[in-house]
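Here is the structure we will look at.
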Amino acid sequence: MDHPLIDLINQKIAAAEAEGAFDNLKGAGKPLPRCDDPENALLNRLVKEAGGVPEFVSLSRELARLREELRDTGDRTKRQAILKDMSMVEAKIDIARKAGR
């Protein structure tokens, strides 16, 4: 099924072509950049531009922070809590990596 506005869209494109709006575009005549995931290319670009990272990357950063906190902590009770948190984060990283495959 065509988009309900397809005729209007085609009309606007034809008018822009006639006016030369597509002449001398940057990269004209050159091949398009290679895209490994064309279906999600726009979404991936938007996420990347917004500073988004895969879940396992953000979890790995959290794990590194917890390790640093563990090194700086002498309190046994607090160390146990940190070790418990680290274990949970490591499990989440494994799950996130498996889900990404």
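None of the figures in this text is laboratory data; all of them are computed from the coordinates on show. All values derive from a computational prediction rather than experimental measurement. Ideal geometry is used to build each Cβ from the backbone, glycine not excepted, and the neighbour counts take in all protein chains shown.
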message: Show me the trypsin sites (Lys or Arg not before Pro) within region 1-75 that DSSP assigns to loop and that have at most 15 other Cβ atoms within 10 Å of their Cβ.
response: LYS26, ARG34
- line: Projected convex hull area of the chain, Cα atoms, direction-averaged, in nm², equals 11.9
message: Positive end of the dipole of the chain, charges at C-beta (+1 Lys, Arg; -1 Asp, Glu), about the Cα centre: which of LEU83, SER60, PRO4 has its Cα farthest in that direction?
response: LEU83
Extended-chain gain in nm, criterion 0.36 nm per residue less alpha-carbon gap, GLU49 and THR77: 6.0 nm
field: Rg/Rg_ref, region 1-54, where Rg_ref = 2.2 N^0.38 Å and atoms are Cα
entry: 1.60
message: As an exercise, take the mean of 1/r over every pair of distinct alpha carbons in region 55-101, invert it, and state the Kirkwood radius in angstroms.
response: 11.0
statement: Checking region 16-101 for GluC sites (Glu not before Pro) in a loop per DSSP with at most 11 other beta-carbon atoms within 10 Å yields GLU19
- prompt: What aspartates and glutamates sit close enough to LYS92 to cross-link, taking a C-alpha to C-alpha distance under 20 Å and skipping anything fewer than 8 places away on the same chain?
  reply: GLU55, GLU62, GLU68, GLU69
task: Calculate for the chain the 222 nm mean residue ellipticity that helices alone would give, adding -39,500 (n - 2.57) per DSSP H run of length 4 or more and normalising by residue count, nearest 500 deg cm²/dmol.
output: -21500 deg cm²/dmol
task: At 7 Å along the Cα-to-beta-carbon direction for both ALA41 and ARG65, put a label point, then send me their distance in nm to one decimal.
output: 3.5
message: Please compute the modelled spin-label separation between LEU8 and ASP23, points set 7 Å along Cα→Cβ, answer in nm with one decimal.
response: 2.9
field: Estimated dipole of the chain in Debye, rounded to 20 [Cβ of Lys and Arg +1, of Asp and Glu -1, Cα centre]
entry: 800
query: In the structure displayed, which of LYS26/LYS98; LYS48/LYS78; LYS48/LYS98 lie more than 31 Å apart, Cα to Cα?
result: LYS26/LYS98; LYS48/LYS78
- prompt: For LEU32 and ALA99, what is the calculated FRET efficiency with R₀ set at 30 Å and r taken between the beta-carbons, to the nearest 0.05?
  reply: 0.50
